[in-house]
């Protein structure tokens, strides 16, 4: 992951909000792994990819989120960003479904 890609990742609204919620001034790998564990079991693997050998896998219910990076922190950040964005999408869909239910078919 290039420095530019990492910078873009860290500027995603869901990541910015989650880091703010953690209440940390700097982001260490332990912070990200603890946050990931709140979603489910986390596993870090190493494979043969020379550029991005670290893979972070998160099992959140039936879904599996993964992230790859040149360091454990990079891989965990990619995985965490995906999990946060998935949660945001899921929540928005739930709110939309609830609004349609409450408003009824004629007003939705």
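Derivation of every value follows stated rules applied to the coordinates shown; laboratory data play no part. Given the structure is predicted, the values throughout are model-derived calculations rather than measurements. A quick note on method: Cβ atoms are made from the backbone with ideal geometry, for glycine too, and the neighbour counts reach across all protein chains shown.
At-a-glance table
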| quantity | calculated |
| --- | --- |
| Relative contact order computed over segment 3-102 (Cα-Cα under 8 Å; 6+ residues apart), in percent | 22 |
| Sequence ranges 53-60, 72-79, 14-21, ranked by mean other-Cβ count within 10 angstrom, highest first | 72-79, 53-60, 14-21 |
| Within a Gaussian network of the chain (alpha carbon springs, distance under 10 Å), most fluctuating of 85, 65, 45 | 45 |
| Options (1) 2, 12, 20, 21, 17, 10, 7, 5, 4, 2, 1, 0; (2) 2, 9, 6, 7, 6, 6, 6, 6, 6, 6, 6, 6, 5, 5, 4, 4, 4, 4, 2, 1; (3) 2, 11, 18, 16, 11, 13, 14, 10, 5, 1 - which one matches P(r) over Cα pairs in 5 Å bins from 0, in percent as calculated here | (1) |
